[in-house]
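Contents: one structure, followed by commentary.
The values are calculated or read from the model by the stated rules, or taken from the named source; none is laboratory data. In this text, all values refer to a predicted model and were calculated from it rather than measured experimentally. Glycine gets a Cβ as well: all are built from the backbone with ideal geometry, and neighbour counts include every protein chain shown. When the accessible area is computed, the model is the full protein with side chains, heavy atoms only, and any ligands, DNA or RNA have been set aside. Shrake-Rupley method; radii C 1.70, N 1.55, O 1.52, S 1.80 Å.
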Amino acid sequence: MTTISLSLDQIEQLSREFFLQEGFSKRLADALALRMRLAERDGPASHGLAMLAYYRQVAQSGKLDLMAEPDIQTLRPALMAVDCGDSFAQAGLDAARPGFIEMVRTQGTATLFTRRAHYIAALRHDVLPLAEAGLIAIMVCGSRPWVVPHGGTRAAFGTNPMAFACPCSDRPPVVWDQAVSRKAISDVRLVKEEGEVFDAPAGLDSSGQPTNDPAELIDGQRLFTYGAHKGTAMALMIEVLAAGLSGGRFAAEYDAKDGPTNPSGQTIIAIDPAAADPGFTDHLAVLLDAFNNNGDARIPGDGRFSRAAHAGKQGVDLPGWLVERLTVLGINLP
């Protein structure tokens, strides 16, 4: 099937219509459609329209309440939780954000937990609004067991993504996200759809042998951490911060009968840098200047700028396999 091009508005609209047709509340459909737009605009594309089939799988599992309303709770002067009611986290994060920003500005720092929340998206889009409000933000997220500890043979951790965002004085915020696995599972699925393989082994197949084949990686469900033992340490820390503090489930507590879901929790820690140093952003410019005229080095996350500029002007080109998948899902493409 041939490729087609969609504008960002079209992407957001068809995504919203899809979620509403699948029985998502309007609040949740709006939140997730926005994430579809941002993923296709900024990347990674693996978290964009290619994930709609997985959203349907999770929705049809019957394990989530797609009509749940977020319950925002102030636990301490600098501690907030949002109970997402066994639903996707994004609607709860959006609802809690204004009060959380005010809490951070008042206290200088604050922490936000989600509870009873499932997450499918790129974390950068939940920390970027905090940086745009002048705050530094760190976010961590647990998930189903997909990752083996360094030297191990069975999955003990989720892919456990983390994100960071920081305001700047004369440029857009620094923002990046990444998984602790050598390859994010969404990227594994995307490479499988494209019929490609990775340059090096990224995990174990079902027989416990290293493989670079994404189909075998999905079958084996045992991805390697990045940085060997260093990635394992990061995965452990994120399990503690995301699932442990929020009351979610560790990857090791995952129950296979829950299918594709695992309410592992998310945690955001935010700081108002102006409370610590009113000249923070000016000082930060000195650090960022170290990337200028420095070979091919670039500030982490800045690769999104060229993609976003192109998508804003020219739209997003969907490959043939994705067009076919969306058609199978019953999505009416222009």
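Of the strands (runs of 3 or more DSSP E) lying entirely inside region 118-178, those containing at least 3 residues that are surrounded by 19 or more Cβ atoms within 10 Å (Cβ to Cβ) and in contact with a Ser or Thr (Cβ under 8 Å, 6 or more places away or on another chain) span 136-141.
Note on region 1-13: residues that are more than 26 Å from Ala96 (Cα to Cα) and in a helix (DSSP H, G or I) total 1. When the criteria are applied in full, Ala252 meets the requirement of being over 18 Å from the mean Cα position of the chain (by Cα), surrounded by fewer than 23 Cβ atoms within 10 Å (Cβ to Cβ) and touching a residue at least 40 places away in the same chain (Cβ under 8 Å). Filtering Thr267, Thr261 for residues that are closer than 27 Å to Met80 by Cβ, modelled with pLDDT of 90 or more and of a type in the set (Ser, Thr, Tyr) leaves a single hit, Thr267.
One residue stands out in region 259-291 among those that are touching a residue at least 40 places away in the same chain (Cβ under 8 Å) and part of a loop (DSSP other than H, G, I, E, B): the one that is most open to solvent (accessible area, probe 1.4 Å), namely Pro263.
Close contacts from region 300-316, counting a first residue that is within 14 Å of Leu128 (Cα to Cα) and a second that is in a helix (DSSP H, G or I) and open to solvent by 60 Å² or more (accessible area, probe 1.4 Å), with Cβ to Cβ under 9 Å and a gap of 6+ residues or different chains, come to Asp302/Phe291; Arg304/Arg41.
No other residue among Val240, Val191, Val197 is open to solvent by 70 Å² or more (accessible area, probe 1.4 Å), over 14 Å from Val147 (Cβ atoms), in a helix (DSSP H, G or I) and among the hydrophobic types (A, V, I, L, M, F, W, C) apart from Val240.
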